[in-house]
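One structure is given here, and the rest of the page talks about it.
The values are calculated or read from the model by the stated rules, or taken from the named source; none is laboratory data. Worth saying up front: this structure is predicted, and the values here are computed from it rather than measured. Using ideal geometry, Cβ is built from the backbone for each residue, glycine included, and neighbour counts are taken over all protein chains shown.
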């Protein structure tokens, strides 16, 4: 790994005209350090990633030389080029569908003697809360909401059924 004390070329030094500030332990520190990004590697050809405080182990080969007469080299299949300065690679995993949201939707559709409607409500609200807390790692919020809506429709039909049953029993001649 490169020396942690050397800075990328455009960082300047502690003695430049910008002055220096004192760190909490009393040592002089540069007034500003360059932002994280890819910079020429001080120890070898190519580039090395600067994380804002020190050099990392991540390196990239130098870009290929352009043949004479061509303004740009044709990219080679599978070749990896260093990223532009200031941009760090970001891995975003694909969002997975929440299982409770699927169960909520299915139970909301089937109703299963109205027990499914109640379970659709429970699973839908649990799924919606989990999806909101996941920070984008889970999907299925629309299915959870659909299961909640269908669950409330099922509960509404259950209430109507009970009301009509009571009216029917009360209006029977004795």
**Request:** Go through the residues of segment 112-134 one by one and say whether even a single one is at pLDDT 80 or above, within 30 Å of the chain's Cα centre (by Cα), assigned by TED's automatic domain parsing to the domain that holds residue 151 and not in a helix (DSSP H, G or I).
**Result:** yes
**Message:** On the basis of being within 20 Å of the chain's Cα centre (by Cα), surrounded by 13 or more Cβ atoms within 10 Å (Cβ to Cβ) and at pLDDT 70 or above, does residue 137 make the cut?
**Reply:** yes
**Asked** Which residues, counting only those in segment 135-174, are outside any helix (DSSP H, G or I) and under 18 Å from residue 95 (Cβ atoms)?
**Response** 135, 136, 137, 138, 139, 140
